[in-house]
Amino acid sequence: MSVDRRQFCFTALACGTLLAQPVLAEETYPSKPITVIVSYPPGGDTDAIARLFADKLSHRLKQTVLIDNRPGAGGAIGNGMVGRARADGYTLLFTPNPFTTAPLVMKLSGAAAYDVLKGYEAIINTATQPLVLVTSPKLGVKNLPELIARAKSGATVSYASPGAGSPMHIAGEWLNKAAGVKLSHVPYRGVGPSVTDVVAGHVDTAWVTFGPVRQYLDSGKLLALAIGDTRRSSLAPAVPTLTELGYKDVVVGAWNGFFAPKKTPPAVINLLNEHLNAILREPEVVEKLAVFGALPAGGSPKVLSDLNQREYMVMGQAIKELGIVAE
């Protein structure tokens, strides 16, 4: 064999080996446990839904999927942690949509700082959660027009949210502006305390997701006045939308999804997307999500990427116009 031919064979073999390496690496993923960062404390809806997906994903990937709760700064601590993690598919973020709006309502720096639009790879929009405005029958109103009329009459009316800068806070202030009223905002540290107080009549109304209030709606201890989506929800088909009631521009909902650090290999993103889409089709998962007032979403990574970008722009404009800031 000539020198040139030997050199050609060696070069071809080397190139073939180099080209094969990424494929082999992708085929072996995951070869070790995956950690899913949840930027909120254990026990809440976000944590519970994350653990549901982690368990199902673990069985499908035949690899341990761990939940690591990293609360703080309205979710920004955990979000920032994932943004700086190694982009190898072994550190993921499961988050609700305050991920998108937190930098718009908070001054984030240091460990809490992150780039909403350029710092992550979208994996999948797992579920949506309609926001619902509820009140206690003790208030004496049966629908939203009666509530607005009460506020316009000069009576003091309040609404609770799980925190300043939350989607619920945005919904409340947006409705205030659209209806020309001033329901007083009462921020809480989480949904649970706000629900407890509206049931007791300590606060007049509350913007929440359906999960925490389902039992009270069923028992008649709370009334649902409106939802913030563009269409009625299958979770409560009798409840009208703000759009139906004349506030067509007031559209605020909740969602959750999985993200990975920027530059995570596309093959890893697509593998996780494929498995999570399959999980969302499982009847057991659909039933469990409904308990939390959530509806399965799914779709390609682009669906979540587009949703994140669109919400950043739309909510960003609303936040600016309404002067919303987090405490």
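With the crude spin-label approximation of a point 7 Å out along Cα→Cβ, what separation in nm comes out for residue 281 versus residue 215?
3.5
Size of the dipole of the chain about the Cα centre, Lys and Arg at +1 and Asp and Glu at -1 on the beta carbon, nothing else charged, in debye to 20?
Working: 31 positive and 26 negative charges, 50 e Å.
Taking the Cα centre of the chain as origin, the dipole is about 240 debye.
Give me D for segment 190-327 in µm² s⁻¹, whole number, from Stokes-Einstein with Rh from the Kirkwood sum over alpha-carbon pairs, 10 °C and 1.306 mPa s. Spell out each step's value before the answer.
Working: Rh = 17.6 Å.
Answer, rounded: 90 µm²/s.
Give me the percent of accessible area attributable to carbon and sulfur for the chain, probe 1.4 angstrom.
Numbers: 8660 of 15400 Å².
Ligands and nucleic acids excluded, carbon and sulfur give 56 percent.
Rolling a 1.4 Å sphere over the protein heavy atoms, what is the accessible area per residue of the chain, to the nearest Å²? Before the final figure, lay out each step's value.
Working: 15400 Å² over 327 residues.
The answer is 47 Å² per residue.
If you take the square roots of the eigenvalues of the alpha-carbon gyration tensor of segment 98-200 and sort them as a ≥ b ≥ c, do you get rounded (a/c under 1.5), prolate (a/b over b/c) or oblate? Before the final figure, lay out the partial values.
Values: a/c = 2.30, a/b = 2.12, b/c = 1.08.
Prolate.
How many angstrom lie between the C-alpha centres of segment 199-252 and segment 139-168?
Between the Cα centres of segment 199-252 and segment 139-168 lies a distance of 12 Å.
Each residue of segment 35-46 in turn: what ³J(HN,Hα) in whole Hz from Karplus with 6.51, -1.76, 1.60 and θ = phi - 60°, glycine and Pro shown as x?
10, 9, 7, 10, 7, 9, x, x, x, x, 4, 4
As I understand it, the dipole of the chain uses +1 on the Cβ of Lys and Arg and -1 on the Cβ of Asp and Glu, about the Cα centre. Which of 240, 39, 280 lies farthest toward its positive end?
It is 39.
Can you give the FRET efficiency to the nearest 0.05 for residue 153 and residue 111, using r as the Cβ-Cβ distance and R₀ = 30 Å? Could the numbers behind the result be given before it?
On the way: r = 48 Å, r/R0 = 1.60.
So the FRET efficiency works out to roughly 0.05.
So how long is each side of the chain along the principal axes, counting just the alpha-carbon atoms, biggest first, in Å?
Principal-axis extents of the chain (Cα, largest first): 98, 39, 32 Å.
The values are calculated or read from the model by the stated rules, or taken from the named source; none is laboratory data. Keep in mind the model is a prediction, meaning the values are calculated, not measured. Cβ sites come from the backbone with ideal geometry, for glycine too, and all protein chains shown count toward neighbours. Surface accessibility is based on the protein's heavy atoms, side chains included, excluding ligands, DNA and RNA. Shrake-Rupley method; radii C 1.70, N 1.55, O 1.52, S 1.80 Å.
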